[in-house]
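Here the structure comes first, spelled out in structure tokens, and everything after it is commentary.
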Amino acid sequence: MNYKKLIVKGITYSQSQNGAYALLLEEENSTIKLPVVIGSFEAQAISLGLENDLKPDRPLTHDLFASFISAAEFQIESVLIYKIIDGVFFSNINFRNKTTEEALVLDARTSDAIALAVRFKVPIYTTSEVLESAGILLDFATPNTPEHEEDNHREPQFSLAELERQLAEAVEKEDFDTAHRLKLEIDRRSDEIPF
């Protein structure tokens with residue numbers, strides 16, 4: 001299967017859900033973003049994993065599990081976000097035993113899988129289907145600006161129909177920040193269509 005590599009771009013406070021955060025993942029070879037809603041504990045765990053200089057006095061749950069993985073002679077090879085159902089992402093953590101080379105795949109919450117991936121500095125992947133279903137464009141270039149001139153000659157990542165579907169979904173979820181960005185992109189593309 002052809003997997004798409006994701007990069008952790010950041011964590012922001014969710015505008016649409018109180019007390020929640022949005023983990024923003026970006027497909028390595030495009031501007032498609034995959035937003036994953038996570039709780040404050042998970043946001044903290046991922047942030048601490050990204051910051052090498054910050055170490056709590058006592059190990060947090062993810063740090064404890066990371067220590068156990070190493071002590072048990074396993075290594076994490078990758079994380080795979082393999083499907084989304086009703087807004088819930090499903091992920092696997094792919095392990096390998098350092099001694100026997102035996103592979104082990106464990107089901108995990110996406111936030112936990114990513115918290116471990118950043119600690120072990122392993123790749124995070126997803127499928128084309130997940131990107132098509134939940135990916136959004138947040139990097140909206142201003143037409144004809146020099147820094148985006150090359151981008152203007154590429155084919156769009158999503159069709160207008162797909163962007164309109166995502167817009168309707170964002171409005172339904174009351175995610176007006178994303179809806180606004182999608183509307184701007186739809187308007188920009190509509191202006192570029194020759195009549």
With the structure loaded, tell me whether residue 79 is within 25 Å of residue 129 (Cα to Cα) and open to solvent by 30 Å² or more (accessible area, probe 1.4 Å) or whether it fails that test. no
Failed criterion for residue 65 (all others in (1) over 12 Å from residue 120 (Cβ atoms); (2) part of a helix (DSSP H, G or I); (3) modelled with pLDDT of 90 or more hold): (1)
Of residues in the range 83-97 being on the phi < 0 side of the Ramachandran plot and out of contact with any strand residue (DSSP E or B) (no Cβ under 6 Å at 6 or more places or on another chain), the one surrounded by the most Cβ atoms within 10 Å (Cβ to Cβ): 84
Just wondering, is there one or more residues in the range 106-127 that are modelled with pLDDT of 95 or more and over 18 Å from the mean Cα position of the chain (by Cα)? yes
Among the residues of the range 82-107, how many are assigned to a loop (DSSP other than H, G, I, E, B) and charged (D, E, K, R)? 4
When both residues are 6+ apart or on different chains and their Cβ atoms are under 8 Å apart, which pairs have a first residue that lies in the range 85-109 and is under 19 Å from residue 126 (Cβ atoms), and a second that is of a type outside the set (A, V, I, L, M) and exposed (fewer than 12 other Cβ atoms within 10 Å of the Cβ)? 90/107; 91/107; 92/107
Of the candidates 51, 77, 26, the one satisfying the condition of being modelled with pLDDT under 95, closer than 20 Å to residue 123 by Cβ and touching a Lys or Arg at 6+ places or on another chain (Cβ under 8 Å) is 26
Could you please let me know if residue 52 is more than 21 Å from residue 22 (Cβ to Cβ), over 17 Å from the mean Cα position of the chain (by Cα) and assigned to a strand (DSSP E or B)? no
Look through the range 2-21, keep the residues that are in a loop (DSSP other than H, G, I, E, B) and either of a type in the set (Asp, Glu) or touching a residue at least 40 places away in the same chain (Cβ under 8 Å) (or both), and return whichever of them is surrounded by the most Cβ atoms within 10 Å (Cβ to Cβ). 16
Could you say whether any residue in the range 45-64 is in contact (Cβ under 8 Å) with a residue 60 or more places away in the chain and acidic (Asp, Glu)? no
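The values are calculated or read from the model by the stated rules, or taken from the named source; none is laboratory data. As the structure is a prediction and not an experimental result, all values here were calculated from the model. Ideal geometry is used to build each Cβ from the backbone, glycine not excepted, and the neighbour counts take in all protein chains shown. Heavy atoms of the whole protein, side chains included, go into the accessibility calculation; ligands, DNA and RNA do not. Shrake-Rupley method; radii C 1.70, N 1.55, O 1.52, S 1.80 Å.
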